[in-house]
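What follows is a single structure, written as structure tokens, with notes after it.
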Amino acid sequence: MDNLKDLTTKATKIRINLIKMIKTAKTGHTGGALSSVDILVSLFYRIMKIDANKPDWAERDRFLLSKGHSVEGYLCILADLGFFPESELATFSAYKSRLIGHPTRKVPGIEMNTGALGHGLSVGVGMAIAAKKLGQQHRVFTLMGDGEQAEGSIWEAAMAAGHYKLGNLVAIVDRNYLQISGNTEKVMSIDPLADKYESFGWNTLDVAGNNISELCSTLESIDYSGEKPTVLIAKTTKGKGVSFMENNAKWHHGVPKDDEYATALAELNSFLNA
């Protein structure tokens, strides 16, 4: 998808679908799912080489959702692209559904079961090393939460990525400054985040994580054949697109009441009609 306006419209439709899915399921990690939609849309509709008809295609780019609890937007995108029927979204978190509250390999298009934080980057490093050893050209993208940066395994993986010169690896930090227990800098300060990654040999880029144009141009500017892994520190708004959810830690996990649901859909639909 080349038209940036179309991508922005797609992001709004994905937000609408994930709110509907959470309301139907009566469960969901709403705020972080909303904050990361623009990142996911930029990757899946513009940047990554994928094929819904061949989910195990050897030449596909790999994507890992390390912040696995924010799976709702990811599932909505996979359904929209045709990896599985959109009607299945109505079964999210239902008994015996394969669409559970975290990514699972039972779902076509998902590379790794995630949920326990801090694992995605380590697996991404392994995938990137394997691609280099096998002479394969695909790239590996890992989306992490900012609260997740407190996990020690993140920094072991960061050190390894720099050491092995994994230019085919891109990490993206959803930097919305909120985690389940509050502001990240009060829970466990992670700044200066860019300096930490740079010290391990990474190329670091700051990007407006809710600006699809900036996300796409930044991702397209990366030298994937180089010797430095890249991290995008994507400044986002938790709950993006729904006014009463934005920058509100309460909505890390939550289901809107009927009046809140109506307000959320009205606000999101207003962007489509603008």
Quick one: residue 23 ticks every box in (1) open to solvent by less than 20 Å² (accessible area, probe 1.4 Å); (2) assigned to a helix (DSSP H, G or I) bar one, so which box is it? (1)
Can residue 255 be described as β-branched (Val, Ile, Thr) and closer than 24 Å to residue 4 by Cβ? no
Residue ID - farthest from residue 172 (Cα to Cα), chosen from residues in region 55-89 that are among the charged types (D, E, K, R) and in contact with a strand residue (DSSP E or B) (Cβ under 9 Å, 6 or more places away or on another chain): 61
Options 51, 56: the member that is open to solvent by 10 Å² or more (accessible area, probe 1.4 Å), touching a Phe, Trp or Tyr at 6+ places or on another chain (Cβ under 6 Å) and farther than 30 Å from residue 249 by Cβ: 51
Considering every residue within region 181-192, establish whether at least one is open to solvent by less than 60 Å² (accessible area, probe 1.4 Å) and in contact (Cβ under 8 Å) with a residue 60 or more places away in the chain. yes
Just to be sure I understand, how many residues within region 209-235 are within 18 Å of residue 45 (Cα to Cα), charged (D, E, K, R) and either modelled with pLDDT under 95 or loosely packed, with under 15 Cβ neighbours inside 10 Å (or both)? 1
With the condition kept exactly as written, say whether any residue in region 6-19 is at pLDDT 95 or above, open to solvent by less than 40 Å² (accessible area, probe 1.4 Å) and not in a helix (DSSP H, G or I). no
Return the residues of region 32-48 that are surrounded by fewer than 24 Cβ atoms within 10 Å (Cβ to Cβ) and either polar (S, T, N, Q) or in contact with a Lys or Arg (Cβ under 7 Å, 6 or more places away or on another chain) (or both); say none if nothing qualifies. 45
Find the residue count for region 118-156, including only residues that are open to solvent by less than 30 Å² (accessible area, probe 1.4 Å) and in a loop (DSSP other than H, G, I, E, B). 3
Unique residue being farther than 27 Å from residue 16 by Cα and in contact (Cβ under 8 Å) with a residue 12 or more places away in the chain when the list is 48, 112, 127: 127
The listed residue being without any contact (Cβ under 8 Å) to a residue 12 or more places away in the chain and open to solvent by 10 Å² or more (accessible area, probe 1.4 Å), out of 206, 195: 195
Would you be able to say whether some residue in region 260-270 is open to solvent by 20 Å² or more (accessible area, probe 1.4 Å), touching a helix residue (DSSP H, G or I) at 6+ places or on another chain (Cβ under 6 Å) and not basic (Lys, Arg)? yes
Under 7 Å between Cβ atoms, at least 6 apart or on separate chains: pull out the pairs that start in region 253-274 with a residue that is within 15 Å of residue 18 (Cα to Cα) and end on any residue that is of a type in the set (Lys, Arg). 255/23; 255/26; 256/23; 261/23; 268/15
I want to confirm something. Restricting to region 61-117 and keeping residues that are among the basic types (Lys, Arg) and touching a Lys or Arg at 6+ places or on another chain (Cβ under 6 Å), which single residue is surrounded by the most Cβ atoms within 10 Å (Cβ to Cβ)? 98
Could you tell me which numbered condition residue 177 fails, if it satisfies all but one of (1) touching a residue at least 40 places away in the same chain (Cβ under 8 Å); (2) surrounded by fewer than 22 Cβ atoms within 10 Å (Cβ to Cβ); (3) out of contact with any Asp or Glu (no Cβ under 7 Å at 6 or more places or on another chain)? (3)
So which of 167, 239 ends up being at pLDDT 95 or above and within 26 Å of residue 17 (Cβ to Cβ)? 239
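The values are calculated or read from the model by the stated rules, or taken from the named source; none is laboratory data. None of the values given here were measured: they were computed from a predicted structure. Note that each Cβ is placed from the backbone with ideal geometry, even for glycine, and that neighbours are counted across all protein chains shown. Please note that ligands, DNA and RNA were not included when accessible areas were found on the heavy atoms of the full protein model with its side chains. Shrake-Rupley method; radii C 1.70, N 1.55, O 1.52, S 1.80 Å.
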